[in-house]
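> First the structure, which I've put down as structure tokens, then a few questions once you've had a look.
The values are calculated or read from the model by the stated rules, or taken from the named source; none is laboratory data. Since the model is a prediction, treat every value here as computed from it, not as a measurement. We place every Cβ from the backbone using ideal geometry, glycine too, and count neighbours over all the protein chains shown. To get the accessible areas, we keep the full protein, side chains included, count just its heavy atoms, and leave off ligands, DNA and RNA. Shrake-Rupley method; radii C 1.70, N 1.55, O 1.52, S 1.80 Å.
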Amino acid sequence: MSERLEDIAAAMVTPGQGILAADESSGTIKKRFDTIGLESTDENRRDYREMMFRAETAMKDCISGVILFDETIRQKAADGTPLVDVIKASGAVPGIKVDGGAKALAGFDGETITEGLDGLRDRLTEYYGLGARFAKWRGVISISNDLPRWGAVKQNAQALARYAALCQEAGIVPIVEPEVLMDGKPGDHSIDRCYEVTEWVLKTVFAELYDARVSLEGMVLKPNMVIDGKNARRASREEIAEKTVRCLKSTVPAAVPGIAFLSGGQSDEEATAHLSLMNAGFDMPWALTFSYGRALQAAALKAWGGKKENVAAAQKAFAHRAKMNSLAATGQWKQDLEAA
Ligand code: 5MM
């Protein structure tokens, strides 16, 4: 019997749990491994991801879903168990990145369109067979003095909506991720400019989702927070929390079961603190949690350093960030818990 989209989406935003974004494409994981001086081989990528998926308590208590890359959904752990089964055994839902990446958008110098719609219906069927019950597609929007332009916003929103409709047809919950970059170039925009662009993008995305007949109850939104550019950070944690919630309330229908933020280049602690302030301070119609990549993995990657003997230390570092974010997902994170 196939599971209902609504039930899968609800499981993805279980209170006190969030999503581990481990779907770095080949280029991105190479960049991450470069920071620890490790070659990006199939085996190293497998070992790294297996290290996290086997952090039992963290996975069981804090992680509701894992976003995988095409290679990983087909990989086996060192003992031959498919990684998908390791994830399922922890109680988390396996998911898959299905976009083909952001490519230069013709006619819109400096802007991108996310590719990957051709053949998507067949790929989704295959991924369902491999165990994926949700998917992810990331549209990327840059801010500068003259960006974004309407054509880029609209085309990215349309692609997200076509992707989401195909996912639902295949029994897969779409994570809709329209990322307004904080770390783009020049990255010196104000928080109010981020508010304005994020509002515009989300209004456009939900209009396109409606036109594409996407069921809001069977999706999860993965947005950026409303935050000033990485090279202009001035806004306080409180201002970021307040403006993010205000922006989401004015754009995201209450029928959406959950919102799971990306971290976007925030420090580990900022990403946690902002999420916690939002959950502690505001009444909201949707669950608000995390779908972090860097903010969940950075400390673990550093502690691991590509060495077998560091696996336990790396799992401890991963478990700590997972726990802090799990507390943030119910508004219970406190600064002094970081030191503990
Ligand atoms: C984990 O990073 C994801 C994959 O990025 P590429 O496709 O560029 O390799 C990324 O889509 C991620 O899921 C989100 O951006 C959230 O990650 P962060 O690091 O911003 O929390």
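> Kindly list the residues of the stretch 316-339 that lie in the label zone of Ala280, defined by a backbone N under 17 Å from the point 7 Å along the Cα-to-C-beta vector.
So the set is 323-339.
> Averaging sequence separations of C-alpha pairs under 8 Å and six or more residues apart, then dividing by the length of the chain, give the relative contact order as a whole percent.
Here the relative contact order equals 19 percent.
> Report the trypsin sites (Lys or Arg not before Pro) located in the stretch 174-218 that are in a DSSP loop and have at most 14 other Cβ atoms inside 10 Å of their Cβ, or state none.
Taking the stretch 174-218 and a limit of 14 other Cβ atoms within 10 Å, the loop trypsin sites (Lys or Arg not before Pro) found are Arg213.
> Accessible area per residue of the stretch 162-288 at 1.4 Å probe, in Å²?
36
> Considering only DSSP beta bridges whose two residues both sit in the chain, what percent are antiparallel, to the nearest 5? Intermediate values should be presented prior to the final figure.
On the way: 4 of 33 bridges.
So the antiparallel bridges amount to about 10 percent of the total.
> Using 7 Å Cα-to-Cβ label points, what is the Leu117/Lys76 separation (nm, one decimal)?
3.9
> Further question: In whole Hz and in residue order, list the ³J(HN,Hα) couplings for the stretch 13-20 that follow from phi through the Karplus curve 6.51 cos²θ - 1.76 cosθ + 1.60, θ = phi - 60°; x for Gly and Pro.
10, 3, x, x, 10, x, 9, 8
> By how many nm would the segment from Asp34 to Arg234 lengthen if fully extended, with 0.36 nm per residue of separation less the alpha-carbon distance?
69.0 nm
> Between Lys302 and Ala255, what is the label-point separation in nm under the 7 Å Cα-to-beta-carbon projection?
Result: 4.4 nm between the two label points.
> Would you list, by chain and number, the lysines whose Cα falls below 25 Å from the Cα of Lys316, excluding same-chain residues fewer than 8 positions away?
Within reach: Lys30, Lys31, Lys60, Lys76, Lys88, Lys302, Lys307, Lys308, Lys334.
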